[in-house]
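J.: The structure that follows is given in the form of C-alpha cells.
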Amino acid sequence: MSSQSTTLPDGIEDKHVRPIEGWRRHASPLSLVAFGVVVALALSGWLGRERTWSAEGRGTALEVHTSEIIRNGEFLEMRVRVTSDAPIAELVIGIDESLWEDVTVNTMIPAATDETSEDGEVRMTFARLAAGTAFLFKVDMQINPDIVLVNAGTLTIYDGDAELVATDLSITVLP
C-alpha cells in the first residue's frame, strides 16, 4: 500500500502500513521461555505440592493429607484419617490455631458435635469411634491473600482430654 494510490489519514505514513521485516516481524522468544519456566516449575512441584503426614501412638494411627506448598488465594483440601485398635469414647481433633491462621474454612465434613478453642487449639468433638473403624474428616479451605511463607502447627487426636497421637505439619504459602 502506498500513499500514491491511497490517501492515508493524518499521522499515518507509509512506514506504518509496510510489513515488518526481520526480528521485529515475530513474537519475542522471551515469552516462550517464560512460559516454559512456569511449566517446568509446575511439573517439579514448586508451584504446589501435596503431602501425607503420618503418626502412630497408643494404638491409634493418624494420617493428614493436604497441600505442603500452595499459592495464596487458592483452595485446598485437608483430609484427616483416624483409626484405632481400641474404641475411642469421645473422638476430639485438635488443630493449632497457628496452622489455620488467615485461612478461611469453607466446609467441614462431618460436622463436629462441639467446637471449642482452648490452649491455642481449635478442638472439634465427634461421636464415639469403634475399634478398627476408620474416621475420615474432610476440610475445604482457602488461603487468604495476606499469607506469605509458612503456616505450621500440630494436629492432635484426643479421647476426651487424653492425648492419643499428634503430628506436626506445615503449609508453605507462595505469593
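J.: When you go through (1) part of a strand (DSSP E or B); (2) more than 21 Å from Asn151 (Cα to Cα) one by one for Glu50, which number turns out not to apply?
T.: Answer for Glu50: the failing condition is (2).
J.: Let me ask something additional. Of all residues being within 18 Å of Thr167 (Cβ to Cβ) and free of Cβ contacts under 8 Å to residues at least 60 places away in the same chain in segment 86-100, which is surrounded by the fewest Cβ atoms within 10 Å (Cβ to Cβ)? Just the residue, please.
T.: Glu97
J.: Please specify each residue of segment 121-153 satisfying the condition of being within 18 Å of the chain's Cα centre (by Cα) and surrounded by 16 or more Cβ atoms within 10 Å (Cβ to Cβ).
T.: Taking segment 121-153 and keeping what is within 18 Å of the chain's Cα centre (by Cα), we get 137-153.
Those that are within 18 Å of the chain's Cα centre (by Cα) and surrounded by 16 or more Cβ atoms within 10 Å (Cβ to Cβ): Phe137, Val139, Met141, Ile143, Ile147, Asn151, Gly153.
J.: While we're here: Quick one: in segment 154-166, which of the residues that are surrounded by fewer than 18 Cβ atoms within 10 Å (Cβ to Cβ) and part of a strand (DSSP E or B) is nearest to the chain's Cα centre (by Cα)?
T.: In this case the residue turns out to be Thr154.
J.: Then there is this: Taking the condition of being on the phi > 0 side of the Ramachandran plot, at pLDDT below 85 and surrounded by 13 or more Cβ atoms within 10 Å (Cβ to Cβ), how many residues in segment 25-64 meet it?
T.: Here the count works out to 1.
J.: Now, a different point. So, of the residues in segment 123-150 that are in contact with an Asp or Glu (Cβ under 6 Å, 6 or more places away or on another chain) and part of a strand (DSSP E or B), which turns out to be farthest from Arg71 (Cα to Cα)?
T.: Thr125
J.: Going residue by residue through segment 72-81, is there one that turns out to be of a type in the set (Gly, Ala, Ser), surrounded by fewer than 18 Cβ atoms within 10 Å (Cβ to Cβ), in contact (Cβ under 8 Å) with a residue 40 or more places away in the chain and within 20 Å of Glu50 (Cβ to Cβ)?
T.: The answer is yes, given that some residue of segment 72-81 is of a type in the set (Gly, Ala, Ser), surrounded by fewer than 18 Cβ atoms within 10 Å (Cβ to Cβ), in contact (Cβ under 8 Å) with a residue 40 or more places away in the chain and within 20 Å of Glu50 (Cβ to Cβ).
The values are calculated or read from the model by the stated rules, or taken from the named source; none is laboratory data. Keep in mind that what you see is a predicted model, and the values were worked out from it rather than measured. Note that we place each Cβ from the backbone using ideal geometry, even for glycine, and neighbour counts take in every protein chain shown.
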